[in-house]
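Undergrad: Can you keep this structure in mind? I'll have questions shortly.
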Amino acid sequence: MTTEPGAARVAGPRSARRAFVSAALRRPGQVGALVPSSARLAEVLAAVVPRTGSPVVVELGPGTGAVTDIISRRLPEAARHLAVELDPRMVNYLRRTRPELEVIAGDAAHLGALLAERGVDRADAVIGGLPWALFDEEVQRQILGEVRQVIGTTGAFTTFAYLPSMTLAAARRFRGTLRETFDEVLVSATVWRNVPPAFVYVCRRPARDHGDR
């Protein structure tokens, strides 16, 4: 997948940080941090993105595009890269700074329908940047159920959690829900070069109780 030189850097890192902090202050229940993910965390999240063929890759909650840029570097020419973002200002920011990205204004809880409107019924990889610990159990299950359907038996889903948040009941519940939803759930080493330190979940295949699509 090719992009115009410098297209992802139109706004510059300071502008990206301002946009991210603004969103965090404006919608603290939807943004789980005050700074974007680090490059190292983005690399771990994007490790499941195919480098060959014509893969479909979907981001959930891309924010200002810190992970988007790493994904774009991995994608082959024939890839399709979509991102689902709820915050209207973030949507506008991404459309302005990353014109090569298919930005979908919508709720990840309706992922399947949002993708179907664009002719997509499966994704090779779904990369989640959502603040799971801020969601109640119903919302967690609804979004993960959508992801499970979209990746089917051949795709992969990655998302992250902050190490300090594991003291929260919602964060621990989320880990349990992942294991109920997916057949395989791997946990990466801690990414210390992130604020705060984080780790990545790598999930594949629907759990047997849920059946295959």
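Undergrad: So in the stretch 53-82, with the set limited to residues that are assigned to a loop (DSSP other than H, G, I, E, B) and hydroxyl-bearing (Ser, Thr, Tyr), which one is farthest from ARG122 (Cα to Cα)?
TA: Here the answer is THR64.
Undergrad: Considering (1) in contact (Cβ under 8 Å) with a residue 24 or more places away in the chain; (2) on the phi < 0 side of the Ramachandran plot, say which one TRP192 fails and leave the rest.
TA: Status for TRP192: all satisfied but (1).
Undergrad: Select from the stretch 118-159 the residues that are of a type in the set (Ser, Thr, Tyr) and surrounded by fewer than 17 Cβ atoms within 10 Å (Cβ to Cβ) and list them in ascending order.
TA: Passing the criteria: THR153, THR154.
Undergrad: Tell me which of these ALA47 doesn't satisfy, since it passes every other one: (1) touching a residue at least 24 places away in the same chain (Cβ under 8 Å); (2) assigned to a helix (DSSP H, G or I); (3) over 30 Å from MET166 (Cβ atoms).
TA: So the condition that ALA47 fails would be (3).
Undergrad: So how many residues does the stretch 104-137 have that are among the aliphatic types (A, V, I, L, M), modelled with pLDDT of 95 or more and touching a Ser or Thr at 6+ places or on another chain (Cβ under 8 Å)?
TA: Within the stretch 104-137, residues that are among the aliphatic types (A, V, I, L, M), modelled with pLDDT of 95 or more and touching a Ser or Thr at 6+ places or on another chain (Cβ under 8 Å) number 3.
Undergrad: Exactly one of (1) under 18 Å from VAL84 (Cα atoms); (2) out of contact with any Asp or Glu (no Cβ under 9 Å at 6 or more places or on another chain); (3) surrounded by 15 or more Cβ atoms within 10 Å (Cβ to Cβ) is unmet by PHE182. Its number?
TA: Status for PHE182: all satisfied but (1).
Undergrad: Against the definition (at pLDDT 95 or above, of a type in the set (Val, Ile, Thr) and touching a Ser or Thr at 6+ places or on another chain (Cβ under 7 Å)), how does VAL57 come out, yes or no?
TA: In short, no.
The values are calculated or read from the model by the stated rules, or taken from the named source; none is laboratory data. What you see is a predicted model; the values in this text were computed from it and never measured. Quick reminder, even Gly has a Cβ in these numbers, built from the backbone with ideal geometry, and neighbours come from all protein chains shown.
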